[in-house]
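Asker: Take a look at this one; I'll ask things after.
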Amino acid sequence: MRSDVLNGRSLTPLYVALAAFALAVATPPGDPDTYWHLASGKWMLDHGELLRADVFSSTVSGQPYSVGEWLGEIVLYVAYLAGGWTGLVILRGLLVGVCAFFLTRVALRGGAPIIVAVPVTCAALLLSEIVWTDRPHLFTLALFPLLLDLLLTARAGRLGVLLGVPPLMLLWTNLHGGYALGLVLVGIFTLEALLTRRNFAAFAITASTAFAASLVDPGSLGLGAAAAHATAPPRFIVEESPPDVTRPAGFVFAAFIIGTLALAMRGGGTLLDLLLLAPLLWLGLSAQRHMLYFAFAAVPFISAAVPRAWPPFQDWLARRRPYPRGAIVGFGAGVAAMALAGLAFVPNAPNERPYPTVVLDAVRSGSGVLLNEYDWGGYLIWRAPERPVFVDGRLFPFLPDVFADWRAAVELGPRWKEVLERYQVTQVLLKPDRALVSALKEQGWRVVGGDAGSVLLERPR
């Protein structure tokens, strides 16, 4: 048996992947966007064509739009067809496991010690937990570290792996709009190859073919739209707001920033480190959902830099004995048992406590235009397809006008009455503490049903 297996280096990515899988399948689905992604995938399979225009709302019905993830939606729905909600959870676990596997490989690159690389990798995975929800962005979560591993392997001299980059980009482009991050990665490595005059031709050819592959997408969001969304995200959506260091994910993100800067000042870095980390730091600071990509790119830098920054620690590592084979096997058995236990207890139903389940029947039997809570739009698309929604998490079809009208109404802006009349709203489904709820009750709107978390109001006849 090879010595790298005996000391655990080649098995470590698998062990981390198994542990990540076990953690990822521990929670039930519950993201509101999961529902409309499933509904979109179902519509496309039922009709045998791409969903190119709105079919779910009363406000932008028929309007052309694309969120750039048609294939990702179909894969999600196929997983649902294959195993129900359990199938979705297992797909989530597999994609998180792929992410963990390649991120650990990246962390160990260049001989970084396991005792440093694994904790740093786990910290980055802990940060990424904010996107462990059943949506197409899970594909970007998995493909980003995979592509980073390919590019680092090519940079180390194995240029043949670059042949896999264009097909990967073609797949990624159709799975999720985060493919733009992949193109950025390829561009950064190509620029570094140009500046260092090392294998530039191979990287340039790869970059051009990868870009060409990204254009082969019948339902693409488009690079322009992706860039515009990244530079000017809608701040009223939590995941698009800047990082909050008082929250666990924001705290871990801040720790990665501080650690990276401290290690850079202590021991410096390479040109590639600068080219890679600077733009991803800007992206992470722009919105919470992008924080993890800076952390992922910082993992190999931190893992390699920690021993160099403290020579006594490096000397101690050099004197350490290899991990005993029995310990490696025992640890592997432990994480395998975790993964099997996770499979045995995979949730088989979503967590729908945050949604208006108590009034769902009344909503389905109602008629007219329904003004709904934004976070409930996707749920209603799936659970009450008879009632078109006012807004939902697809975002792009509703910007800017419909969202502005929706906010003016629910926040009781100066023109709230005009909005209700213009859209001919007959029912309102909102959280009870919304200002509009109190105003409509004063206007004589009838309470059809509700509980502590939701209320359905109907216009007086």
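Asker: For segment 61-204, what Kirkwood radius comes out of the mean inverse Cα-Cα distance, in Å? Please list the in-between numbers first.
Answerer: Values: mean 1/r = 0.0602 Å⁻¹.
Value: 16.6 Å, from the Cα pair sum.
Asker: Sort 207-214, 177-184 by the packing proxy (mean of other Cβ within 10 Å over each peptide's residues), most packed first. Present the calculation step by step, with values, prior to reporting the outcome.
Answerer: Values: 207-214: 18.6, 177-184: 23.2.
Averaged packing, sorted descending, gives the order 177-184, 207-214.
Asker: Can you work out D for segment 108-181 in µm² s⁻¹ from Stokes-Einstein, where Rh is the Kirkwood radius over C-alpha pairs, the temperature is 25 °C and the viscosity is 0.890 mPa s?
Answerer: On the way: Rh = 13.8 Å.
The calculation lands on 178 µm²/s.
Asker: Turning to a different aspect of this structure: For Cα pairs less than 8 Å apart in space and 6+ apart in sequence, what is the mean separation divided by the residue count of segment 119-221, i.e. the relative contact order in percent? List each step's numbers first, then the result.
Answerer: Working: 89 pairs, mean separation 28.9, N = 103.
The normalised contact order for segment 119-221 reaches 28 percent.
Asker: How large is the translational diffusion coefficient of segment 1-130 in µm² per second when you combine the Kirkwood radius over alpha carbon pairs with Stokes-Einstein at 4 °C and 1.567 mPa s?
Answerer: Working: Rh = 17.1 Å.
The diffusion coefficient I find is 76 µm²/s.
Asker: Taking all protein chains in place and a 1.4 Å probe, what share, in percent, of the accessible surface of segment 1-146 do carbon and sulfur account for? Don't skip to the end; give the middle numbers.
Answerer: Numbers: 3330 of 5150 Å².
Reported share for carbon and sulfur atoms: 65 percent.
Asker: Compute the Rg/Rh shape ratio of segment 142-197: radius of gyration over Kirkwood radius, all on alpha-carbon atoms.
Answerer: Values: Rg = 11.1 Å, Rh = 11.5 Å.
The Rg/Rh ratio comes out at 0.97.
Asker: Got the relative contact order for the chain handy, in percent, Cα pairs under 8 Å and 6 or more residues apart?
Answerer: Details: 728 pairs, mean separation 97.5, N = 461.
The normalised contact order for the chain reaches 21 percent.
Asker: Also: Using the per-residue mean of other Cβ atoms lying within 10 Å as a proxy for protection, in what order, highest first, do the peptides 151-157, 36-42 fall? Walk me through the numbers on the way to the answer.
Answerer: Values: 151-157: 17.4, 36-42: 23.7.
Descending mean neighbour count gives 36-42, 151-157.
Asker: A further question on this structure: If the viscosity is 1.306 mPa s and the temperature 10 °C, what Stokes-Einstein diffusion coefficient in µm²/s follows for the chain when Rh is the Kirkwood radius over Cα pairs? Walk me through the numbers before you get to the answer.
Answerer: Numbers: Rh = 24.1 Å.
Calculated translational D: 66 µm²/s.
Asker: Calculate, for the chain, the solvent-accessible area per residue in square angstrom, rolling a 1.4 angstrom probe over the heavy atoms of the protein chains.
Answerer: Numbers: 20240 Å² over 461 residues.
Heavy-atom accessible area per residue stands at 44 Å².
Asker: Largest first and to the nearest Å, give the Cα extent of segment 55-143 along each principal axis.
Answerer: 56, 27, 18
Asker: Right, here's the next one. Quick one: pull the percentage of alpha-carbon pairs in segment 336-458 with a separation above 26 Å.
Answerer: Values: 1918 of 7503 pairs.
Result for the distance tail: 26 percent.
Asker: Continuing with the same structure: Bin width 10 Å, alpha-carbon pairs only: give the P(r) of segment 8-81 as whole percents, running from 0 to the bin holding the largest distance.
Answerer: 16, 36, 23, 16, 7, 1
Asker: I've got another one for you. Given the rule -39500 (n - 2.57) for each run of at least 4 DSSP H residues, summed and divided by the residues of the chain, what is its mean residue ellipticity at 222 nm, to the nearest 500 deg cm²/dmol? If you can, show how the numbers build up before the last one.
Answerer: Values: 20 runs with 281 residues, N = 461.
Calculated mean residue ellipticity at 222 nm is -19500 deg cm²/dmol.
Asker: Related question: Tell me the relative contact order for segment 1-146 as a rounded percent, counting alpha carbon contacts under 8 Å between residues six or more apart.
Answerer: Values: 166 pairs, mean separation 47.2, N = 146.
Averaging sequence separation for qualifying contacts and normalising by length gives 32 percent for segment 1-146.
The values are calculated or read from the model by the stated rules, or taken from the named source; none is laboratory data. Bear in mind the structure is a predicted one, so any value in this text is a computation, not a measurement. Note that we place each Cβ from the backbone using ideal geometry, even for glycine, and neighbour counts take in every protein chain shown. For accessibility, only protein heavy atoms count, side chains too; no ligands or nucleic acids. Shrake-Rupley method; radii C 1.70, N 1.55, O 1.52, S 1.80 Å.
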